[in-house]
Structure formats: structure tokens, C-alpha cells
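**Q** Attaching a single structure in C-alpha cells format; questions to follow.
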Amino acid sequence: VSQIGEGVSIVDEEERFVFANAAAEKVFGVKPGGLVGRNLSEFTSVKDYTKLMQKTQERKAGKADHYELEILSKTGMTRQIIVTASPLLNRNGEFEGVLGITHDITETRELEAQLRQAQKMEAIGTLAGGIAHDFNNILMAMIGYADMVRLNASEDSQISSDIEAVLKAGMRAKELVKQILVFSRQMDHELKPVMPHLVFKEALKLLRASLPSTIDIVQEIHADCGAVLADPTQLHQVLMNLCTNAHYAMRNSGGTLTVALQRVDFDASVKESHLQLAEGSYIKLTVSDTGHGMDKKTQERMFDPFFTTKPVGEGTGMGMATTHGIISSLGGTINVISEENIGTTFEIYLPRIEPQAFWGDDGAGQSIETRGKGKALYVDDEEQIALLGQRMLEHLGYSIISFTKSTEAFRHFQANPMDFDFVITDQTMPDMTGTELSQRILQLRPDIPIILVTGYSEQVTPEKAKSIGIKEYIMKPLVLSELGEAISRVLEREQKSESI
Ligand SMILES: Nc1ncnc2c1ncn2[C@@H]1O[C@H](COP(=O)(O)OP(=O)(O)OP(=O)(O)O)[C@@H](O)[C@H]1O
Ligand SMILES: [Mg+2]
């Protein structure tokens, strides 16, 4: 009995242990021999204990039973167990106590909770992403037309200042949609090797300057932890989100904010049970505060989009949702440890990569030419948007022929391939998608610059667009200045390659 994996223990009529094997002692968190003589009440909540006393009455009536119980282990952890309890009778058939066989299901329950959480996030992500996609298209028309109104309004008129307000609100909505899309992981980002310690050091400088002196910042950033594949702006955002939350949790009391970055390697032997991480090398970011902490309910919901415990108007509740989206899209994991009135610790694990010699250059040209020259083929299946695109391009000084049917657009291009200087096409269209159209156009004119316009959730990654030969890739909603910049970039590149 002493060797078996299940906990076996016997309690007498007063719930005092008279026997326990090693596995039972482990569940209760006591030293070998440390259970006998103690009372079960030390290890359970008052409520559970009352229930147990009732169950003992049933045992006395000779009934066996099994049920779940929460054990307050002496190590400070709570453990979930399933108990199979049977009455123990002496030789004369009189009740002597209860034999309990306990099966520890703490890990199973944790895994179930993790799975539920993952499924919930997946479902919310799909839903949010779908709404955001449609919403984004609506926004595109609103921002675009408002932009046109502004251009036509005389500068110091009432209309001009009113429309400014419309545009400002539109931009805020655009930001929000972007966050939802980051959360639902439907936004493509170009990932490149990043040394996170550089990003985080930079962010911490900013934080030190903005956090009050009632908050101590302790930094333990190891510079030699290596690189991860990520988007530096997103990493920056993750740390800012975590630290602003930590600050908020300590706003009244003050406290210590600890930010640590280190390399950790998991092999089969050091598998930490609560983390579902594959073997390998990781970079671990720890952000810890001594603030008010979170109760169980808050912990369960904190990653939900729009979940906030802040007063109305103070927070959007998108901070943790965005953080979750970013970390998941990088193949990372977030672990949260929080206790009320003590504080909260976030541990983030990101897969480490071997930094290669190649560090992508990001010297994108910045010049914005306002008066354009050239002729464009513009394709969008939505008439409103095609019209808007046409007006935007004309405003920028380009001449343009626009189509709402990609097949027609292609036929026209086929007949006059040398007529155009560049092509702007929407991605999602019936008959022929933007990428298909681009491929066919590039067969006729391999040199022609193409700008692909997509919604966030469309399945074209920048890499894919590039491999087809598409020069630029912009996302809805279109903003005049972004469109203008994209066009002057492709045309500039064109000139450069000609002059070589
Ligand atoms: N470090 C922390 N300490 C205590 N509670 C936290 C902490 N981090 C997050 N929370 C809880 O999780 C909730 C959601 O956080 P999240 O960052 O998503 O939204 P928010 O901070 O409320 O709003 P926003 O980030 O938009 O200003 C918070 O309202 C808070 O209840
Ligand atoms: Mg927040």
C-alpha cells in the first residue's frame, strides 16, 4: 500500500487520520509520517468540511461513495482530488472509520481549463474578425468620402472643421478595428528577427519617464538571450500593455514593477507541468507587479476583448486581448499568476531563433510626391469604392480608367498593355481575384507596378503578394495619403531600376 500511486488513507470517526501512504501525504503536502494524527479539517474549507461530516454519516449507514474535493495542501497550493470513500468496519461489524482512495486530478483540471480557454479565444477571434472585416469595408467608404469632402471644402469653413471631426472619429474606429484584428490574428505582419532586449530597453526608458515615482522599476534584462521572429512594434506594444496594467493595479498603493528577460531551455527532463510548451529554446519575459491582483473570475475573462474592470470610459479592455493575439501569432504562450492584494505576474514565452547574418532592411522610401504623373488601371468590384478610388487618384494628379469587373479590366489591359503605368486592384472580387488578375497582367507586362488593396482577413500575405510580383500591398480602408505614398514608392522604384 505504501508504494502505490493512488493516495490511500484512513480517518477515524472524528475525521482524524490513522493511516496514510506516501501518495496521500504528497497530496496533502506533508512530510512522510506527517499526516497521521492530524484532522481532515486542517486541509479543507469549512464548507467542504461540513459536507464531509454529512458524508461520514452516510458511511456509518454502510454506503460507499465517490466525490470531488478540494484539498488545501500544506505547500500552499490547492489540489483537486477524486475520493472513493468506503466505510471501514471492525471485526464486530461496527463502524470504525472511512477508507479513502484519492486520485489527484489537479493537472487534468488545469489542462481542461486551458483547452476551454483556447477554444473560447478561437471562437471569439473568429467572430470578432468577421465583424471587423465587414466593418472595415464600411469604414473605408466613410473615411474615403469624408477625405474627399475635406479636400473640396474651403479651409476655414465650418464644413472643413466638421469633417475633420468625422475623420478623427473614423481614424479612432480604424485603430480599434486594427486591434480587434490583431487579437483575432487576422492581420498579417512581416516578421523579422528581432532582439527583444533592445525593444524592451527602449520601452522601459519610455515607461520610466511616464510612470510616477511611487512605482519602482526593477529591470533584469539579459542582453544575451538571443532573437525571436516578431514585429518589433508589436513586441513594444505587448510590454506597454502589460506595464500600463501593472501601473493601474498599483496606482493607489505604489509598488514595484519588475521586468525580466531571460533565455530558458526546455528539454524533456525539465518539463514544467503547467506549461504546454514543446521542448526547445525560449525567451521568457516576466512582468510582475505588487498591485491589487485579480480574483478567479477576472483571471478567467481578462483576455476577452472588451473585458475591463475599469470604470466606464476609462479602458477599452482590448489591452490583454491584443497581447494574447500577438503572442499567439508568434507561437508563444502566456502564463498568469495572480493573487488578490499581493500582485500579478505575467510570464511570456517566445520561441527563440538563431539570429542569422541577415537582418532585413527596412529603409522604405519616405518621400511623398503630391502631384503624380501617369495612368492607372483601377479595379474594385464595389462601385462606390471604384468611384472613390478614381476620385482619389485624380486628385493626386493621375489619370485613371476604372473597372468593377476584373474580367473586363483584364480584357481592356490585354488590348492596350502599354497604355498604363501602374495597376491598383482589390483582392476579393468574383470571377477573378486581385492576385489572379495580377498574375495575368504580369504575364503581359512583367515590369508593371501593381498595388494590391486588401481587407485584413483576406488570405494574401505580403510574402505571397511579393512572390507573385506585386510591388505594394495596402490595407483597407484606403486613406488618400497612404495611397499616394504607395504609388510614389512603386513609381520611384520603377525609375531607379530603369536607370541602373
Ligand atoms: N497587472 C494586473 N493587475 C490586476 N489586474 C489586471 C492586470 N492586468 C490586467 N488586469 C485585469 O484585466 C482586465 C483587462 O485588461 P486589459 O488591459 O485588457 O483592459 P484594461 O486595462 O481594463 O483597459 P485598457 O487596456 O483598454 O486601458 C483589467 O481591467 C483588469 O481587471
Ligand atoms: Mg490595459
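The values are calculated or read from the model by the stated rules, or taken from the named source; none is laboratory data. Note that the structure is a prediction, hence the values are computed from the model and not measured. Using ideal geometry, Cβ is built from the backbone for each residue, glycine included, and neighbour counts are taken over all protein chains shown. Surface accessibility is based on the protein's heavy atoms, side chains included, excluding ligands, DNA and RNA. Shrake-Rupley method; radii C 1.70, N 1.55, O 1.52, S 1.80 Å.
**Q** Tally up the carbon and sulfur contribution to the accessible surface of region 7-104 as a whole percent, 1.4 Å probe, everything protein left in place.
**A** 53 percent
**Q** Give the long-range amide H neighbours of M429: residues separated by 5 or more places, or on another chain, with amide H under 5 Å away, using H modelled in the peptide plane at 1.01 Å from N.
**A** G434
**Q** Quick one: with all protein chains in place, what share of the accessible area of region 151-267 is carbon or sulfur, to the nearest percent (1.4 Å probe)?
**A** After summing per-atom areas, the C and S share lands at 52 percent.
**Q** I've got another one for you. Could you tell me the accessible area of T308 in Å² (1.4 Å probe, neighbours in place), rounded to the nearest ten?
**A** Approximately 50 Å² of T308 is accessible to the 1.4 Å probe.
**Q** Show me 382-391, 174-183 ranked by packing, highest mean number of other Cβ atoms within 10 Å first.
**A** Result, highest mean Cβ count within 10 Å first: 174-183, 382-391.
**Q** Given the C-alpha centroids of region 69-130 and region 290-347, what is the distance between them in whole angstrom?
**A** 25 Å
**Q** In terms of solvent-accessible area of protein heavy atoms at a 1.4 angstrom probe, what is the ranking of T425, T108, T75, highest value first?
**A** Output order, biggest surface exposure first: T75, T108, T425.
**Q** In addition: Can you list the residues, at least 5 places off or on another chain, whose amide H is less than 5 Å from the amide H of I217, using H built in the peptide plane?
**A** Residues meeting the criterion, in which the H sits 1.01 Å from N, are L257.
**Q** Also: What is the packing order of peptides 210-217, 484-491, 33-40, taking the mean over residues of other C-beta atoms within 10 Å and listing the highest first?
**A** Per-residue mean Cβ counts within 10 Å order the peptides as 484-491, 33-40, 210-217.
**Q** How many Å³ per residue does the convex hull of the Cα positions in region 192-353 occupy?
**A** Per residue, the Cα convex hull of region 192-353 comes to 114 Å³.
**Q** Suppose a student asked you for the relative contact order of the chain, using Cα pairs under 8 Å spaced at least 6 residues apart; what percent would you report?
**A** 11 percent
**Q** May I pose another question? Specify the angular offset, from 0 to 90 degrees and rounded to the nearest 10, of the alpha carbon long axis of helix 158-183 from the longest principal axis of the alpha carbons in the chain.
**A** Computed tilt is about 50 degrees.
**Q** What is the angle, in °, between the Cα long axis of helix 196-210 and the longest principal axis of the Cα atoms in the chain? Nearest 10 is fine, range 0 to 90.
**A** 90 degrees
**Q** Let me make sure I get this right: for region 375-499, a, b and c are the square roots of the gyration tensor eigenvalues over alpha carbons, sorted descending. Under 1.5 in a/c it's rounded, otherwise prolate if a/b > b/c, else oblate. Which is it?
**A** Because its axes are fairly even, with a/c under 1.5, region 375-499 counts as rounded.
**Q** Do you know the relative contact order of region 373-452, to the nearest whole percent, from alpha carbon pairs under 8 angstrom that are 6+ apart?
**A** Reported relative contact order: 33 percent.
**Q** Sequence neighbours fewer than 8 away in the same chain don't count; with that in mind, list the aspartates and glutamates whose C-alpha is under 20 Å from K31.
**A** E6, E15, E42, E70, D104
**Q** May I ask you to derive the relative contact order of region 109-183, considering only C-alpha pairs under 8 Å and at least 6 residues apart, and to give it as an integer percent?
**A** Computed value for region 109-183: 38 percent relative contact order.
**Q** Let me ask something additional. Count the net charge of all other residues whose Cβ sits under 15 Å from the Cβ of D48, scoring Lys and Arg as +1 and Asp and Glu as -1.
**A** Residues near D48 contribute -1 overall.
**Q** Loop-only check: which trypsin sites (Lys or Arg not before Pro) in region 42-144 are DSSP coil with at most 12 other Cβ within 10 angstrom?
**A** When the trypsin sites (Lys or Arg not before Pro) of region 42-144 are filtered for loop state and at most 12 Cβ neighbours within 10 Å, K63, R91 remain.
**Q** Using the heavy atoms of the protein chains and a 1.4 angstrom probe, tell me the accessible area per residue for the chain in square angstrom.
**A** Roughly 53 Å² per residue, with all protein chains present.
**Q** At each listed q (0.05, 0.08, 0.12 Å⁻¹), what is the log10 of I(q)/I(0) that the Debye formula gives for the chain modelled as equal alpha-carbon point scatterers?
**A** Computed log10 I(q)/I(0) values: -0.32, -0.69, -1.16.
**Q** Arrange the residues M475, M432, M418 by how much accessible surface each exposes, largest first, with a 1.4 angstrom probe.
**A** M418, M475, M432
**Q** Can you pull the accessible area of I82 for me, 1.4 Å probe, Å² to the nearest 10?
**A** Counting only protein heavy atoms, I82 exposes about 60 Å² to solvent.
**Q** For the pairs K373/K471; K60/K296; K297/K476; K55/K296, note any where the Cα-Cα span goes beyond 30 Å.
**A** K60/K296; K297/K476
**Q** Is the C-alpha gyration tensor of region 58-176 telling us rounded, prolate or oblate? Criteria: a/c under 1.5 is rounded; beyond that, a/b larger than b/c is prolate, otherwise oblate.
**A** Taking the square roots of the gyration eigenvalues as a ≥ b ≥ c, region 58-176 is prolate.
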